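Note sheet for the following structure.
The values are calculated or read from the model by the stated rules, or taken from the named source; none is laboratory data. Since this is a predicted model, take the numbers as computed values, not measurements. For neighbour counting, all protein chains shown are included, and Cβ atoms are generated from backbone atoms with ideal geometry for every residue, glycine included.
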Amino acid sequence: MTTYYLDTSVAVHALHGERSAEAWFDAITESAEDRLVSSRLLQTELTRVLRRDGLAVQRREPILRSVDLAPISEWLLTGAEAITSQLKTLDALHLATALAFGSDVVVATHDAALKTAVDAAGLRWIDPVVP
């Protein structure tokens, strides 16, 4: 079983129907061999994107139903604070959460800075947006 950590950068592409991100998301969620996880932050970020774009918030539901969301805890906030890579706050929270899932997690991201930080943290990443 592979555990994939879903970063918002990929989720937004799937949400907006970007073909390769959507196909990857569908394949992972239909697989009995894979698990999709993320931070509770994903729900907030998807909501903000939809509101900013003037779209119905309910459009996020198919993604959120398919992802196990980890709560944002004091422990994760402290973990994000300890990350020394040059990351924005929300990306640091995503990386701290991915790290909490263990060293075998694969981070699905389209964000260049997060890819670099994931490498530095010793995790693997994939970019489902780039076919």
- Please find, within the stretch 53-75, the residue that is surrounded by the most Cβ atoms within 10 Å (Cβ to Cβ) out of those that are in contact with a strand residue (DSSP E or B) (Cβ under 7 Å, 6 or more places away or on another chain) and not acidic (Asp, Glu). Val67
- Message: Among the numbered criteria (1) under 11 Å from the mean Cα position of the chain (by Cα); (2) closer than 19 Å to Ala14 by Cα; (3) in contact (Cβ under 8 Å) with a residue 40 or more places away in the chain, which one does Leu93 miss?
- Response: (2)
- Pick from the stretch 1-17 the residues that are out of contact with any His (no Cβ under 8 Å at 6 or more places or on another chain) and not hydroxyl-bearing (Ser, Thr, Tyr): which of them is nearest to Ala92 (Cα to Cα)? Leu6
- Could you tell me which residue of the stretch 18-52 is nearest to Leu77 (Cα to Cα), considering only residues that are of a type in the set (Gly, Ala, Ser) and surrounded by 15 or more Cβ atoms within 10 Å (Cβ to Cβ)? Ser39
- Could you list, in sequence order, the residues of the stretch 15-41 that are closer than 25 Å to Gly102 by Cα and touching a helix residue (DSSP H, G or I) at 6+ places or on another chain (Cβ under 6 Å)? Ala21, Phe25, Asp34, Leu36, Ser39, Leu41
- Query: From the residues in the stretch 1-17 that are surrounded by 13 or more Cβ atoms within 10 Å (Cβ to Cβ) and more than 18 Å from Trp125 (Cβ to Cβ), which one is farthest from the chain's Cα centre (by Cα)?
  - Reply: His16
- Note on the structure: By residue number, the members of the stretch 24-53 that are assigned to a strand (DSSP E or B) and basic (Lys, Arg) are Arg35
- Task: Kindly indicate which of His110, His94 is in a loop (DSSP other than H, G, I, E, B) and at pLDDT 95 or above.
- Result: His110
